[in-house]
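**Student:** Okay, handing you the structure first.
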Amino acid sequence: MAKSGAPAGPSAITAERSAGRAFADYLTQTWAVAAAEVQKLVHDPFELFTRAIQPVLWLMLFGEVMAQVRGVAPGKIPYLDYLAAGILAQSALFVAIFFGISAIWEHDLGVLQRYLVSPAPRSALVLGKAMSAGVRALSQAVIVYLLALVLGVGVKLDPLNLIGVATVIMLGSGLFSTLSLIIACIVKTRERFMGIGQVLTMPIFFASNAIYPLSLMPAWLRAVAHGNPLTYEVDALRAMMLTQGVSEYGLALDFGVLLAAGTVLVAIAARMYGRMGY
């Protein structure tokens with residue numbers, strides 16, 4: 001029996017190196033998939049312009065009108081400030097929820113089969129796609145931040161909070177893009193996917209605290225909102241994005257819900273993604 005505190009033997013060192021090499025390979029494979037998806041955005045920057053229209057309309061039209069209604073936003077926070085974090089989450093949601101259609105395109109063009117015969121684990125493929133959805137959503141965040149500054153919204157610009165906002169957006173976008181991928185694996189046709197995506201988007205958005213507090217909802221809808229990951233994403237964004245923002249549930253719970261839900265969805269998507277190519 002080896003003595004306590006004795007140096008590790010050659011076999012233990014080899015095992016540690018193998019595990020480290022396997023983890024590095026996993027990260028490299030994940031990043032390769034994400035980089036390939038991001039390249040599509042680089043080659044088509046017009047997509048950023050078209051996606052910028054929606055948050056502009058929400059903040060400048062809906063936000064400016066609802067700002068005249070007293071008592072919608074909780075506490076003393078201006079409604080436009082309250083709405084800004086919700087619209088940021090909404091923009092990221094809309095980018096992510098239709099992300100699965102790219103998997104259907106890949107299936108139809110034969111690209112998916114090349115992914116599946118690669119040595120990369122299925123979970124690395126799914127995480128790579130989730131990461132690329134997060135990068136796309138970050139481009140939306142830049143637009144929302146710039147618009148919020150123009151409209152006089154009180155936003156925090158210190159590096160720590162910006163990193164926190166970016167992390168929440170990556171987690172939320174990864175979660176909903178993975179949900180989108182699961183739906184794509186089930187329906188396998190663009191027409192069905194677009195119909196289901198449109199059906200899901202509005203309930204997820206409106207059954208959350210993105211544009212109004214949960215206290216204004218009837219009891220049954222409030223229960224649904226508490227089970228909606230978007231609610232916790234918006235809660236974390238308000239706390240870290242706004243100068244007057246606070247977290248209603250606590251940042252630990254917000255991050256915990258997003259991580260837990262994302263982990264479960266990645267595990268499901270990894271199993272289903274492999275079957276989609278056949």
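The values are calculated or read from the model by the stated rules, or taken from the named source; none is laboratory data. What you see is a predicted model; the values in this text were computed from it and never measured. Every residue, glycine as well, gets a Cβ built from its backbone with ideal geometry; the counts of neighbours run over all protein chains shown.
**Student:** Residue check: is ARG136 part of a helix (DSSP H, G or I), basic (Lys, Arg) and closer than 25 Å to ALA67 by Cβ?
**Tutor:** no
**Student:** In region 214-221, is there at least one residue being within 23 Å of ALA141 (Cα to Cα) and assigned to a helix (DSSP H, G or I)?
**Tutor:** No, region 214-221 contains no residue that is within 23 Å of ALA141 (Cα to Cα) and assigned to a helix (DSSP H, G or I).
**Student:** When region 32-74 is examined, which residues are found to be of a type in the set (Phe, Trp, Tyr) and either modelled with pLDDT of 70 or more or outside any helix (DSSP H, G or I) (or both)?
**Tutor:** Of everything in region 32-74, those that are of a type in the set (Phe, Trp, Tyr) and either modelled with pLDDT of 70 or more or outside any helix (DSSP H, G or I) (or both) turn out to be TRP58, PHE62.
**Student:** Name the residues in region 229-244 that are in contact with a strand residue (DSSP E or B) (Cβ under 9 Å, 6 or more places away or on another chain) and crowded, with 21+ Cβ neighbours inside 10 Å, would you?
**Tutor:** If the condition is that a residue be in contact with a strand residue (DSSP E or B) (Cβ under 9 Å, 6 or more places away or on another chain) and crowded, with 21+ Cβ neighbours inside 10 Å, then MET241, LEU242 are the ones that fit.
**Student:** Being polar (S, T, N, Q) and either closer than 15 Å to LEU88 by Cα or within 13 Å of the chain's Cα centre (by Cα) (or both) is the filter here; which residues of region 229-255 pass it?
**Tutor:** Selection gives THR231 alone.
**Student:** Filtering region 75-112 down to residues that are modelled with pLDDT of 75 or more and assigned to a loop (DSSP other than H, G, I, E, B), which residue is surrounded by the fewest Cβ atoms within 10 Å (Cβ to Cβ)?
**Tutor:** Filtering first and then ranking leaves LYS76.
**Student:** Please determine, by comparing only the residues of region 180-211 that are within 28 Å of VAL246 (Cβ to Cβ) and among the hydrophobic types (A, V, I, L, M, F, W, C), which one is surrounded by the fewest Cβ atoms within 10 Å (Cβ to Cβ).
**Tutor:** By that ranking, first place goes to MET202.
**Student:** Suppose we filter GLY172, GLY164, GLY197 for residues that are in contact (Cβ under 8 Å) with a residue 24 or more places away in the chain, assigned to a helix (DSSP H, G or I), in contact with an Asp or Glu (Cβ under 7 Å, 6 or more places away or on another chain) and under 23 Å from ARG136 (Cα atoms); which single one remains?
**Tutor:** After applying the criteria, what remains is GLY172.
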